[in-house]
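Visitor: Take this structure, written in structure tokens, and hold onto it; I'll ask about it next.
Values quoted throughout were computed directly from the atomic coordinates according to the rules given, and no laboratory measurement underlies them. No experiment lies behind these values; they were computed from the predicted model shown. Because the Cβ atoms are built from the backbone with ideal geometry, glycine has one as well, and the counts that use them run over all protein chains shown.
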Amino acid sequence: MPKPVDTLDDLEPLAAQTPVATLNFTLPKEEREIETALWEHFANKPEEKQFAVVTAKEWKAKWRFLAETLVAKAEKGKLDGVSLRACLETLNMGLTRETAPQAIGEVPSSPLFKITRQKDGATVAEPVSPEKPAQLPPSKVQEQLPGEGPVQIGEPPDNGLDATIPVGAYFTHHAGGTCWIIVCKWEAADPSAQLGHIRVWAVDTSSLKIIGFVGCD
């Protein structure tokens with residue numbers, strides 16, 4: 001039986017196996033069809049199943065480590081690491097409007113970065129507010145968690161949050177442009193729990209809008 005992966009040192013060999021690649025297909029237009037395509041292409045595949053041994057212990061540190069690994073692999077493979085980093089920030093360590101506990105209301109796409117493309121084709125991500133963490137607009141904070149202020153994008157609260165880590169990233173197209181498809185493993189944030197479930201997001205590289213999502217309960 002595989003040994004549980006508790007620490008960052010234990011995670012390094014698996015991190016080296018995270019896939020980052022370009023896919024030669026275009027996501028469908030309809031939301032339901034996008035969900036089906038994401039599930040059929042990315043769920044229950046060997047590349048995501050191998051991460052089921054990772055535990056929720058110190059999962060936020062694991063998220064940061066794997067996110068940096070994915071970006072480094074993208075840049076090494078001559079892919080757009082800038083937009084991948086911004087898309088990963090948009091996922092807010094797995095706390096998005098698709099996964100947020102009802103108590104904190106709607107969580108919009110992360111406003112941490114504004115993506116612009118220069119004349120030479122380079123992609124630039126500019127922080128929206130480098131001096132302080134971005135927060136949900138007051139109109140979006142419908143109900144706060146007990147003892148919590150507004151939810152800060154990039155550092156979600158621990159209360160009721162699922163442990164989530166990114167384990168693969170795929171650059172592809174959708175009807176409105178290009179996107180990163182980011183595969184994540186998740187589980188309830190019990191330090192001894194292993195991350196056996198999967199969630200997949202598709203994030204537009206220009207607007208950073210989440211254009212597709214699918215996951216298992």
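Visitor: Would you mind checking 29/62; 45/209; 3/60; 3/209; 45/73; 29/57 for any pair whose Cα atoms are more than 31 angstrom apart?
Guide: 29/62; 3/209; 29/57
Visitor: Here's something else I'd like to know. Could you check the spin-label model distance between residue 76 and residue 25? Points 7 Å from the Cα along Cα→Cβ, value in nm.
Guide: Distance between label points: 2.6 nm.
Visitor: If you rank 51, 65 by fewest surrounding Cβ atoms within 10 Å, what's the result?
Guide: Neighbour counts put them in this order, fewest first: 65, 51.
Visitor: Considering only C-alpha atoms, what is the centroid distance from the range 1-56 to the range 181-198, in Å?
Guide: Going from one Cα centre to the other spans 11 Å.
Visitor: Provide the net charge surrounding residue 212, with neighbours chosen by a C-beta distance below 11 Å and charges set as Lys +1, Arg +1, Asp -1, Glu -1.
Guide: With Lys, Arg at +1 and Asp, Glu at -1, the neighbours total -3.
Visitor: Would you tally the net charge around residue 15, using a Cβ to Cβ cut-off of less than 13 Å, leaving residue 15 out, and scoring K and R as +1, D and E as -1?
Guide: It works out to a net charge of -1.
Visitor: Pulled fully out, how much extra length does the chain show between residue 50 and residue 8, if you take 0.36 nm times their separation in residues and subtract their Cα-Cα distance?
Guide: That pair, residue 50 and residue 8, stretches by 13.5 nm at full extension.
Visitor: Turning to a different aspect of this structure: Sort 39, 201, 63, 186 so that the residue with the fewest other Cβ atoms within 10 Å of its own Cβ comes first and the one with the most comes last.
Guide: Listing 39, 201, 63, 186 from fewest to most nearby Cβ atoms yields 39, 63, 186, 201.
Visitor: Test of understanding: ordering 29, 185 by Cβ neighbours within 10 Å, fewest first, what list do you get?
Guide: Starting with the residue having the fewest Cβ neighbours, the order is 29, 185.
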